[in-house]
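To keep things clear, I will list the structure first and then write my remarks on it.
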Amino acid sequence: MAGIFNRLFKIGQAEAHSIVDKLEDPIKLTEQGIKDLKRDLGEAMHSLAEIKGLAIRLKKQADDAGKLAQDMERKAMLLLQRGQSGEMDPAQAEQLAMEVINEKESADRRAAQLFQDYQSQSAMSQQLQNKVDELRKTISTYENELITLRARAKTASSMRKVNQQLAKIDSSSTINMLEKMKQKVSEEESLATAYGEVAAGTTTLEARVNQALSSRSADSQRSLEDLKRKMGLLPPA
């Protein structure tokens, strides 16, 4: 039972070390960091769109309230003019004009509040826009660094593999092998030279007979020429 628990504990340790190794991988860390930043960027852009939308609505409501106030003021003036011209009862015209003026002032206050809210949302929108732009630049920088990091990691991995292969080579045994090859080649060259010399010094029976016959024939020819000179048939040599 204790052995089983020990094995389970070792397996847990191995998995934990594997997780730590993965966490310590700079490429994986950078990739995950970029993913997190892109998620944050998406959320920030969503919030930015909402704030901008709210600012646009506030601006429109403020403008509408301002137009309403202007319209109320125009109507109040028209009522007063009709009261003075006799088209309406002056008291009634003034009463209606007062009510319209109250609506106008209410519209002015509403327009002022809405415009203030619009300015606040617009300022927040600009601040968030700056953060979004900064986040975009950060992500772009990290992505470029990730490309460089991947290239460096690939080069380092290749160099490591080459160095590992070179480290496995036994230089002394390689030198000994080359020396043995040199000795073997030298022996083969010497043996080839020896066979060549033996082949050059060895003649067949037919060749020796021909050589002997050609030698005696030459001697007989010289003897015949000497005899002819002695007889005066040939001029002296």
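Couple of notes before you dig in:
- Sorting the segments 155-164, 120-129 by their residues' average number of neighbouring beta-carbon atoms within 10 angstrom, most packed first, yields 120-129, 155-164.
- Comparing Cα centroids, the stretch 89-157 and the stretch 54-80 end up 22 angstrom apart.
- Prolate/oblate/rounded call for the stretch 76-159, Cα gyration tensor, a/c under 1.5 rounded: prolate
Bear in mind that the values in this text are calculations on the coordinates, not laboratory data. The model shown is predicted, which means the values in this text are computed figures rather than measured ones. In this analysis, Cβ positions are derived from the backbone assuming ideal geometry, glycine residues included, and neighbour counts consider all displayed protein chains.
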